[in-house]
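One structure is given here, and the rest of the page talks about it.
Computed from the coordinates by the stated procedures, all read-outs in this text should not be read as laboratory data. All of these numbers come straight from a predicted model, not from anything done at the bench. Because the Cβ atoms are built from the backbone with ideal geometry, glycine has one as well, and the counts that use them run over all protein chains shown.
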Amino acid sequence: MATLDDIDLADLDQFTAGFPYRFFDVLRQDAPLWWHPPTAHTPGGEGFWVLSRYADIVAAAADAETFSSETGGDRAGGGTTLEDMPMEFAVGALLNMMDDPRHAQFRRLLTPSTTPRALRAIEDDLRRRTIDIVDAAIAKGECDFLIDVSAELPLQAVAELAGVPQADRHELMNWANVTLDYESREVGEINDRVAQAQARMFTYGTELLVRKRSEPPTTDLLSIVTHSLINDEPLSENEQRLFLSLIIAAGSETTRNSFAIGMAALSERPQTWERLRDNRDLLPSAVEELLRWASSTPYNRRTATRDIEMHGQRIKAGDKVSLWWASANRDETVFTDPYSFDIERNPNPHLAFGRGVHFCLGASLARMEMRVMFDVLLDRVASVTLTGPIEYVRSNKHSGVRHMPVTIQPRED
Ligand code: HEM
């Protein structure tokens, strides 16, 4: 069993074999509000608070005035990652690093295009795309489930929703991969590859937004962002451009990991696969369990805006506070037998999409993609077998899969 002394949540090497749930079993039990001491890896050489219990995370996420997604105290930067992001350039301009009231005004513009009802219009198209992706992987027989199956659909889906030309999506994915991959760099470090990818994205985004502005308004997210007003003013250039980066990264990187980690869980449990294949009415609850199981966004950070007492300790204004959704999703006081994978789990109030005002804007799209993807796989595939270890992205911000070698056996019946 791990001890508190073993834990360094900023040491990315601790995440290369998948999310280190064992640390959080200790934290939930012994240190529900833990002051993570500064280590060689903690950004800015600073410590931060760690919340690991479901109830505490829900309470903090519900109190966005105290736990800000921008900043607090006299901190110079802020945001929702452990490393401080610069004010104005990112914090306060990115939708997910913005507090109400502007956040609510911004988000309200986008909600109508992201409801299950609005998304029904693209479901048939996504199903057709999924069939093509899965058939191409079956034809290969041996493939990389992450590259050949998981990565494509979320990217195509988010390009559709955002109004990004499909022809450009690989350029964007390349950008997102480089930016989100922490191979050979530490949290908060920007190397040349990342700087170049960000510069290319900046130029691409600027040009695309100019084009969107010149076209008549539609319901795609970028059109909305370029044509809408908040308090009678257009959104700033920066807000518009950052929204494009956010939506591509948030929409492509997360869902593909839930596909891959979910598929690995199912491939290890052939009886569950068969049960699901023969009982498709279980698909919605299976999707929720796959989301809980994968918890592909492990944490988000907030900054305390005032001093607050919790578990007999004092969080001070300006302190970083991290909310570990992945840990909440294994909280034994909420989920019976949390380490068992149960496609009929009910209720399943997982926090894979967060909670509160920043609850995932793409949750309905992600749920739809998961439902369609596994439906198509169950229709066409007899089994998926791992032929080597899953290679994870070196990151504590995404439970990311880089490669997942498999053989795919088609259904014969
Ligand atoms: C399985 C897939 C996904 C997971 C696990 C996931 C997870 C999350 C989480 C945990 C948050 C909360 C962030 C916070 O509280 O600071 C969030 C927010 C967000 N997600 Fe997702 N997400 C997924 C898919 C998507 C997709 C497909 C899109 C885009 C179409 C998307 C767009 C966003 C956006 C824009 C926000 C910010 C919302 C706001 O601040 O109001 N996500 N997501």
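For this structure, a couple of remarks:
- Annotation for segment 158-178 versus segment 135-154: alpha-carbon center distance of 18 Å.
- In order along segment 376-381, the Karplus-derived 3J(HN,Hα) couplings, from 6.51 cos²θ - 1.76 cosθ + 1.60 at θ = phi - 60°, round to 5, 4, 5, 5, 10, 10 Hz, and Gly and Pro are given as x.
- Förster-model FRET efficiency, 45 Å R0, Met1 and Phe89, C-beta, rounded to 0.05: 0.55
- Spin-label zone in segment 263-286 - amide nitrogen under 17 Å from a point set 7 Å from the Cα of Gln409 along the C-beta vector: 264-278
- When each of Val50, Val194 is scored by the number of other beta-carbon atoms lying within 10 Å, the sequence from fewest to most is Val194, Val50.
- Sparse-neighbour loop sites [GluC sites (Glu not before Pro); segment 64-138; at most 12 other C-beta within 10 Å; DSSP]: Glu65, Glu88
- Straight-distance crosslink candidates among lysines, where the alpha carbon sits under 25 Å from Lys212 and sequence neighbours closer than 8 are dropped: none
- All lysines inside 22 Å of Lys397 as judged from Cα atoms, apart from same-chain residues fewer than 8 positions distant: Lys320
- Cα centroid separation, segment 336-387 to segment 189-267 (Å): 24 Å
- For segment 370-413, applying the loop criterion from DSSP together with a ceiling of 16 other beta carbons within 10 Å to the trypsin sites (Lys or Arg not before Pro) yields Arg411.
- Ordering Thr255, Thr206 by the number of other Cβ atoms within 10 Å of each residue's own Cβ, fewest first, gives Thr206, Thr255.
- Largest first, the three principal axis extents of the alpha carbons in segment 294-339 are 36, 24, 9 Å in whole numbers.
- GNM result for the chain, Cα springs below 10 Å: residue of Ser252, Ser383, Ser236 fluctuating most strongly: Ser236
- Ranked for footprinting exposure by Cβ neighbours inside 10 Å, fewest first, Tyr204, Tyr299 give Tyr204, Tyr299.
- Arg120 paired with Ala363, simple spin-label distance in nm, labels 7 Å along Cα-to-beta-carbon: 2.0 nm
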